[in-house]
Amino acid sequence: MGAVAPTAAVAAPVAAPALSFTDILGGVTKMASGMMASQAASQAASAQAAYQNQLAQQQMQQNYEQQVALRQEQAQEEEAINRKKLEAQIQTRGVKSEALAAAAGSGVTGASVDALLSEYDIQGSMYLEGLERQKQLTEAATTQNIANIGKNVYIPAPVEQPSPMIGMLGGINSFIGMLGQSEASSSIKTSNLNQL
């Protein structure tokens, strides 16, 4: 008789185990969880952007109010200066009239009276020029302060808007990973059977 060839043990192929309802439900839950997390992140980003927009609007309103207050203060100061100028002109006229009346009552005339009246005019003009210069400086300072306030701008930080697909893809990835683990465990079982 001839030699009998050794027979190898052949294991019947083992079918990959079907996913249980719990596995499928877990995968769907992971996908839904990923989508909900993505939606929550998107809502948080939108809320942050709205908050930053509100801060920018508040800064603009505050700038406007400060600029209006400066203009009102400037207008009040200019009104006070104009009132002082008018009072100074009235006072200069009054002093000149008194000087003329006193000179006429004393019988003094001529160059000395003219020089005295001219001195009153010079002093009055110098005072008025000082007031005008004060008015110009106030206006320049107000203009500069308003320009500086205009530079106060709230610049919001960029808000990253998450993609709604990322959460869903993360959930799908988890589900596929779970499927891969299921297939890997079935191939391990098949190779273990083949070794027997």
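The values are calculated or read from the model by the stated rules, or taken from the named source; none is laboratory data. Remember, predicted model here, so these are calculated numbers, not experimental data. We place every Cβ from the backbone using ideal geometry, glycine too, and count neighbours over all the protein chains shown.
For (1) closer than 22 Å to GLU129 by Cβ; (2) at pLDDT below 90; (3) not basic (Lys, Arg), each residue gets a yes or a no:
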{"site": "ASN53", "(1), (2), (3)": "no, yes, yes"}
{"site": "GLN61", "(1), (2), (3)": "no, no, yes"}
{"site": "GLN66", "(1), (2), (3)": "no, no, yes"}
{"site": "ALA75", "(1), (2), (3)": "yes, no, yes"}
{"site": "ARG83", "(1), (2), (3)": "yes, no, no"}
{"site": "GLN89", "(1), (2), (3)": "yes, no, yes"}
{"site": "ARG93", "(1), (2), (3)": "yes, no, no"}
{"site": "ALA103", "(1), (2), (3)": "no, yes, yes"}
{"site": "GLY107", "(1), (2), (3)": "no, yes, yes"}
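Does any residue of the range 61-69 turn out to be of a type in the set (A, V, I, L, M, F, W, C) and either loosely packed, with under 11 Cβ neighbours inside 10 Å or touching a residue at least 40 places away in the same chain (Cβ under 8 Å) (or both)? Taking every residue of the range 61-69 in turn, none turns out to be of a type in the set (A, V, I, L, M, F, W, C) and either loosely packed, with under 11 Cβ neighbours inside 10 Å or touching a residue at least 40 places away in the same chain (Cβ under 8 Å) (or both). Before we move on, is TYR154 outside any loop (DSSP other than H, G, I, E, B) and either touching a Phe, Trp or Tyr at 6+ places or on another chain (Cβ under 8 Å) or among the aromatic types (Phe, Trp, Tyr) (or both)? Considered against the rule, which asks whether it is outside any loop (DSSP other than H, G, I, E, B) and either touching a Phe, Trp or Tyr at 6+ places or on another chain (Cβ under 8 Å) or among the aromatic types (Phe, Trp, Tyr) (or both), TYR154 comes out as no.
Scanning the range 39-70 for residues that are of a type in the set (A, V, I, L, M, F, W, C) and over 12 Å from the mean Cα position of the chain (by Cα) yields ALA40, ALA41, ALA44, ALA45, ALA47, VAL68, ALA69, LEU70.
The C-beta contact set for the range 36-52 (first residue free of Cβ contacts under 8 Å to residues at least 40 places away in the same chain, second residue part of a helix (DSSP H, G or I), distance under 9 angstrom, 6+ apart or interchain) comprises ALA40/GLY167. The condition of being closer than 30 Å to GLN59 by Cα and either of a type in the set (Val, Ile, Thr) or under 46 Å from the mean Cα position of the chain (by Cα) (or both) holds for only one of ILE81, ILE122, ILE146, that being ILE146.
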